[in-house]
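The values are calculated or read from the model by the stated rules, or taken from the named source; none is laboratory data. It should be emphasised that the depicted structure is a prediction, and the values quoted were computed from it without experimental measurement. Every residue, glycine among them, receives a Cβ derived from its backbone with ideal geometry; neighbour counts consider all protein chains shown. Please note that ligands, DNA and RNA were not included when accessible areas were found on the heavy atoms of the full protein model with its side chains. Shrake-Rupley method; radii C 1.70, N 1.55, O 1.52, S 1.80 Å.
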Amino acid sequence: MSQFSEADFGANGYSSARPDYPETFYKFLSNYHSGSNSQLVDVGCGPGTATFQLVKWLFNFSRFIGTDLSPPMINRANELAARVTGNSNNQNNSLVGKITFHVAACTDFSFLENKSCDMITAAECAHWFDFDAFQLEASKNLSSGGTIAIWGYIDSVLEQYPDTDSLMLDLQYGENKLGPYWEQPGRSILRGLLQDRHLNPELYERIEESHVMARDQPSAATNDFPLLITKEMPLSGYLAYLKTCSAYHAWQKDPKNQGSPDPCDELITTIQAMHPELKDLNYKVRVTWSSFYKVGTRRA
Ligand SMILES: C[S@@+](CC[C@H](N)C(=O)[O-])C[C@H]1O[C@@H](n2cnc3c(N)ncnc32)[C@H](O)[C@@H]1O
């Protein structure tokens, strides 16, 4: 997956415009985990989106290591870590010495000092991986009883505006919009919420795999499905989110689109015409995504 590795990919914008994963999911992970709490590796960490949240919620772990193939993403993660740890008044100073980031592929765990860790997480990235090679290497590097956790989200809807759903899909997948600019097969695999990728029962036990479509999400997270990904944001924030997509980055770089109307801006103009209150870009919208997760415990 090369688009995220390009030097001009907007890693800064990515880190501020993407949704957080909910506390309920981290509590679920914490309750699920039955192994030791020494090292946790967050692969495909990007700018540390999940890594920083894992430090906050899985506080029993002593050490957190984020890895990613993309140097711009790791640079951004290091900048964010330096910003947090550099502020001596910040209560997050528990981060100091606890968190490190490395450029590495999802199958590369050679940086592990004692060759083992207790949890491996992969948020919003496993659709780019050779899934079987990843889960095999993860099982070799997890301690006995260690947890593998894979999750992600896709295809947002504006909760109050179901009449915009088809326009969102047209922006993402339309032939004359962003459709041709997604790297494949990753995007299609994610669109299917990784339902055709399974944790191997020969490597993992206590396997749980689940997914929910955006319009079927419960209004609050439940014990049945703890990964409700939803965010209230101004419409301007939603536009910024749309522009963090790798396909939008590729669309912008294609010389044939120079001078063409921006498809994300066009979508917002269209929905503003349908719903006049949205003419105010500060108007708050609730955005919800389809999501999935898979967890397993390394067999002894
Ligand atoms: C959509 S971002 C997700 C970032 C973050 N985990 C999150 O939750 O937002 C996907 C990340 O996966 C990384 N990636 C893609 N293929 C990879 C691979 N084979 N090994 C490691 N990282 C990879 C990309 O560089 C990118 O930063």
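Looking at L239, L228 in this structure, which one is of a type outside the set (G, A, S) and either out of contact with any helix residue (DSSP H, G or I) (no Cβ under 9 Å at 6 or more places or on another chain) or crowded, with 18+ Cβ neighbours inside 10 Å (or both)? Steps first, answer last, please.
On the way: L239 fails: either out of contact with any helix residue (DSSP H, G or I) (no Cβ under 9 Å at 6 or more places or on another chain) or crowded, with 18+ Cβ neighbours inside 10 Å (or both).
After ruling out the rest, the residue left standing is L228.
Can you find, within the range 130-168, the residue that is farthest from the ligand (Cβ to nearest atom) among those that are within 25 Å of Y283 (Cα to Cα) and loosely packed, with under 15 Cβ neighbours inside 10 Å?
Of the range 130-168, the ones within 25 Å of Y283 (Cα to Cα) are 153-168.
The next check asks that each one be loosely packed, with under 15 Cβ neighbours inside 10 Å; those that pass are 160, 162-163, 166.
On the way: Q160: 25, P162: 26, D163: 28, S166: 24 Å.
Residue satisfying both the conditions and the ranking: D163.
Entry remark, the range 55-80: residues being assigned to a helix (DSSP H, G or I), of a type outside the set (A, V, I, L, M) and more than 24 Å from Y32 (Cβ to Cβ) number 6 in total. Suppose the filter is over 20 Å from F25 (Cβ atoms) and touching a Gly at 6+ places or on another chain (Cβ under 9 Å); does S166 pass it? The answer is no for S166. Only a single item in (1) open to solvent by less than 70 Å² (accessible area, probe 1.4 Å); (2) under 20 Å from the mean Cα position of the chain (by Cα); (3) within 16 Å of the ligand (Cβ to nearest atom); (4) among the aliphatic types (A, V, I, L, M) is not met by L112, and it is number (2).
Is it true that P218 is loosely packed, with under 15 Cβ neighbours inside 10 Å, free of Cβ contacts under 8 Å to residues at least 40 places away in the same chain and assigned to a helix (DSSP H, G or I)? Explain how you work it out, then say what you get.
Values: loosely packed, with under 15 Cβ neighbours inside 10 Å: yes; free of Cβ contacts under 8 Å to residues at least 40 places away in the same chain: yes; assigned to a helix (DSSP H, G or I): no.
So P218 does not fit the description; no.
If only residues of the range 45-78 that are within 20 Å of P22 (Cα to Cα) and open to solvent by 20 Å² or more (accessible area, probe 1.4 Å) are counted, the one that is nearest to the ligand (Cβ to nearest atom) is T49.
Results for (1) in a strand (DSSP E or B); (2) under 20 Å from the mean Cα position of the chain (by Cα); (3) aliphatic (A, V, I, L, M), shown as yes or no for each residue.
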residue	(1), (2), (3)
M168	no, yes, yes
P180	no, no, no
Q184	no, yes, no
L190	no, yes, yes
L194	no, yes, yes
E209	yes, yes, no
L228	no, yes, yes
K231	yes, yes, no
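If the condition is being among the hydrophobic types (A, V, I, L, M, F, W, C), open to solvent by less than 10 Å² (accessible area, probe 1.4 Å) and part of a helix (DSSP H, G or I), then the range 18-44 contributes F25, L29.
Taking the listed residues W289, W251, the one that is open to solvent by less than 70 Å² (accessible area, probe 1.4 Å) and over 30 Å from S30 (Cβ atoms) is W251, with no other qualifying.
I'd like the full set of residues that are assigned to a strand (DSSP E or B) and at negative phi, limited to the range 198-207. Write out each step before concluding.
Step one: list which residues in the range 198-207 are assigned to a strand (DSSP E or B), which gives 204-207.
The answer is Y204, E205, I207.
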